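The values are calculated or read from the model by the stated rules, or taken from the named source; none is laboratory data. This is a predicted model, so every value here is computed, not measured. A quick note on method: Cβ atoms are made from the backbone with ideal geometry, for glycine too, and the neighbour counts reach across all protein chains shown.
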Amino acid sequence: MFHILPFVAQRRQRSGKYAYCLRFPLSYAINLPIRAVNRILIVENCRKASLRTISVTKIYLMNRPSLYFTSEHELFRQSVRQFIEKYVVPNTEAWESERRIPIKIFRQMGEQGYLGLNFPEQYGGAGADFWYSVVFLEELARCGMGGFATAVSVHQFMAVNHIYKAGSESLKQNYLMPAIAGQKVAALGITEPDAGSDVSAIRTTARRSGSGDFVVSGTKTFISNGTYGDFITLAVKTAPERGQAGISLLVVDLDSVGITRTKLNKMGWHSSDTAEIRFDEVCVPAENLIGIENKGFYYLMESLQLERLVAAIMAVSGSELALEWTLRYLHEREAFGKKIAGFQAIRHTLANTATEIEVARQFVYHTGWLYAQGEPVVKECSMAKLYASELQKRTIDTCLQYFGGYGYMEDYPICRAYRDARVGTIAGGSSEIMREIIARIVVDAVEYAPVYQTR
């Protein structure tokens with residue numbers, strides 16, 4: 001069991017100056033004057049391959065008070081950033097070219113405790129507050145590789161979350177705990193060739209056999225972690241005649257007899273593993289049912305709020321990263337005898353972009369605060385996902401334009417970001433669906449009630 005949190009920053013008096021001691025047993029400890037810590041945080045990685053810069057706009061670094069983050073959160077941010085700079089960023093080109101992420105990176109992240117931030121210690125998690133997850137997701141998005149960020153976030157915040165919230169103790173021991181440790185990779189199976197945003201239209205069925213176990217048949221598509229994943233949290237029709245009220249969730253081992261996995265070729269997210277999975281009379285033990293039979297649709301609808309909040313957090317962070325790349329380039333590139341950053345039209349456009357990013361960030365943080373308080377946030381999460389994903393698409397399009405022809409070259413990360421961002425307004429509920437959900441709440445006064453506690 002990993003005990004990486006709380007990351008206690010112990011205030012120590014040393015010659016009139018304070019120092020912070022970070023308890024982080026599985027990686028390294030920082031025991032430095034705060035000034036030295038700040039110097040570490042603003043170190044830049046100037047390699048052309050990544051063109052990444054370390055943002056100095058974070059609240060902690062600017063010595064501005066925060067409603068959400070403490071100094072402990074920001075020390076944790078540095079640990080995540082250093083891990084990604086060491087183990088992820090140098091492998092970007094290789095993983096993108098190979099179109100897969102090595103399984104060992106999940107184990108490495110599990111060893112650091114990153115995959116269990118939002119789960120209790122009894123299952124190997126950290127039992128940390130929600131803002132550690134926000135920090136983790138922001139830094140994850142800053143790797144500049146959308147496929148990797150998606151693979152990890154689907155595993156941690158979407159696929160296994162259902163097991164933790166509604167699964168039996170046996171499921172938690174056999175699937176949740178290995179997932180937290182990075183020993184098993186999880187996928188989430190909802191979308192089908194003929195059923196995307198309309199979850200109630202899925203056709204994959206699970207009928208009872210004579211022994212009481214389930215027999216699953218059907219096809220899922222666009223499944224992240226689908227070919228190298230170890231198990232999948234699967235949405236199935238256990239009572240097809242009942243429509244959405246007949247959907248259940250099962251945990252299915254992906255090496256089971258009768259499963260065929262086909263890797264899909266995508267526009268972006270090249271490093272992530274996305275598959276179409278066929279289930280042909282696959283036997284699943286009855287004890288692999290998550291929660292109450294035929295209540296799966298309602299579990300999914302509630303958990304989609306976290307999925308959309310996660311997407312919004314990473315979209316804002318990704319937008320900020322693209323802006324940083326662009327500002328760096330504009331301050332180096334000259335045209336007509338002066339830096340491109342000096343042209344008023346460009347300056348004002350980027351001023352608008354920076355404003356929109358900051359507005360999005362604050363709304364997403366507010367939504368995260370409401371979520372952490374246990375408040376119903378269907379409206380806010382839908383708004384956050386809609387606004388942030390559309391913003392990321394606009395931001396990266398604008399930024400690529402200012403790179404000129406270089407922005408169209410694969411050697412520049414803005415090109416990859418452009419490809420990766422396009423799916424943001426589709427995955428996890430399209431922008432059109434987000435608008436419809438918001439309209440139902442705002443216009444039709446529809447109310448959504450939580451369901452997990454009714455188990």
Practice task
Please determine, by comparing only the residues of the stretch 52-84 that are basic (Lys, Arg) and in a loop (DSSP other than H, G, I, E, B), which one is modelled with the highest pLDDT.
Solution key: ARG64
Exercise for the section: Might you let me know whether the stretch 189-205 holds any residue that is part of a strand (DSSP E or B) and more than 27 Å from the chain's Cα centre (by Cα)? Expected result: yes
Practice task
Assess whether GLN112 counts as being touching a residue at least 60 places away in the same chain (Cβ under 8 Å), of a type in the set (S, T, N, Q) and out of contact with any strand residue (DSSP E or B) (no Cβ under 9 Å at 6 or more places or on another chain).
Solution key: yes
Exercise for the section: Within the stretch 181-205, count every residue that is among the charged types (D, E, K, R) and surrounded by 20 or more Cβ atoms within 10 Å (Cβ to Cβ). Expected result: 2
Exercise for the section: Check whether at least one residue in the stretch 375-391 is buried (at least 18 other Cβ atoms within 10 Å of the Cβ), more than 18 Å from the chain's Cα centre (by Cα), polar (S, T, N, Q) and outside any loop (DSSP other than H, G, I, E, B), and report yes or no. Expected result: no
Practice task
Report whether or not ARG347 is farther than 30 Å from SER197 by Cβ, surrounded by fewer than 19 Cβ atoms within 10 Å (Cβ to Cβ) and in contact (Cβ under 8 Å) with a residue 60 or more places away in the chain.
Solution key: no
Exercise for the section: Kindly list the number of the only condition in (1) buried (at least 24 other Cβ atoms within 10 Å of the Cβ); (2) of a type outside the set (A, V, I, L, M, F, W, C); (3) touching an Asp or Glu at 6+ places or on another chain (Cβ under 9 Å) that fails for PRO178. Expected result: (1)
Exercise for the section: Mind listing whichever residues of the stretch 249-283 are in contact (Cβ under 8 Å) with a residue 40 or more places away in the chain, hydroxyl-bearing (Ser, Thr, Tyr) and either on the phi > 0 side of the Ramachandran plot or not in a strand (DSSP E or B) (or both)? Expected result: SER271, SER272
Fill in the blank from the handout: Residue hits (the stretch 392-410; among the aliphatic types (A, V, I, L, M) and surrounded by fewer than 22 Cβ atoms within 10 Å (Cβ to Cβ)) are LEU400, MET409
Problem - Odd one out for VAL216, checked against (1) crowded, with 17+ Cβ neighbours inside 10 Å; (2) part of a loop (DSSP other than H, G, I, E, B); (3) not basic (Lys, Arg) - result: (2)
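For PRO102, indicate whether it is outside any helix (DSSP H, G or I) and surrounded by fewer than 19 Cβ atoms within 10 Å (Cβ to Cβ). Lay out the reasoning, then the answer.
On the way: outside any helix (DSSP H, G or I): yes; surrounded by fewer than 19 Cβ atoms within 10 Å (Cβ to Cβ): yes.
Yes, satisfied.
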Exercise for the section: From (1) surrounded by fewer than 23 Cβ atoms within 10 Å (Cβ to Cβ); (2) aromatic (Phe, Trp, Tyr); (3) under 30 Å from ARG208 (Cα atoms), pick out the condition that doesn't hold for TRP369. Expected result: (3)
Exercise for the section: Please determine, by comparing only the residues of the stretch 165-192 that are touching a strand residue (DSSP E or B) at 6+ places or on another chain (Cβ under 7 Å) and in contact (Cβ under 8 Å) with a residue 60 or more places away in the chain, which one is farthest from GLU111 (Cα to Cα). Expected result: ILE190
Problem - Of all residues in the stretch 140-173 being of a type in the set (Val, Ile, Thr) and under 8 Å from the mean Cα position of the chain (by Cα), the one that is nearest to GLY291 (Cα to Cα) - result: VAL154
Problem - Residue that is surrounded by the most Cβ atoms within 10 Å (Cβ to Cβ) [pool: residues in the stretch 411-420 that are in a helix (DSSP H, G or I) and not charged (D, E, K, R)] - result: ALA417
Exercise for the section: Please specify each residue of the stretch 323-341 satisfying the condition of being at pLDDT below 85 and under 36 Å from the mean Cα position of the chain (by Cα). Expected result: ARG333, ILE340, ALA341
Completion exercise
When restricted to GLU93, GLU138, the only residue over 21 Å from ILE223 (Cβ atoms), at pLDDT below 95 and not aromatic (Phe, Trp, Tyr) is GLU93
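For every residue, the table says whether it meets (1) within 25 Å of ASN174 (Cα to Cα); (2) without any contact (Cβ under 8 Å) to a residue 24 or more places away in the chain; (3) part of a helix (DSSP H, G or I); (4) of a type in the set (Ser, Thr, Tyr).
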position: PHE119; (1), (2), (3), (4): yes, no, no, no
position: ALA126; (1), (2), (3), (4): yes, no, no, no
position: TRP131; (1), (2), (3), (4): no, no, yes, no
position: GLY144; (1), (2), (3), (4): no, no, no, no
position: ALA151; (1), (2), (3), (4): yes, no, yes, no
position: GLN156; (1), (2), (3), (4): yes, no, yes, no
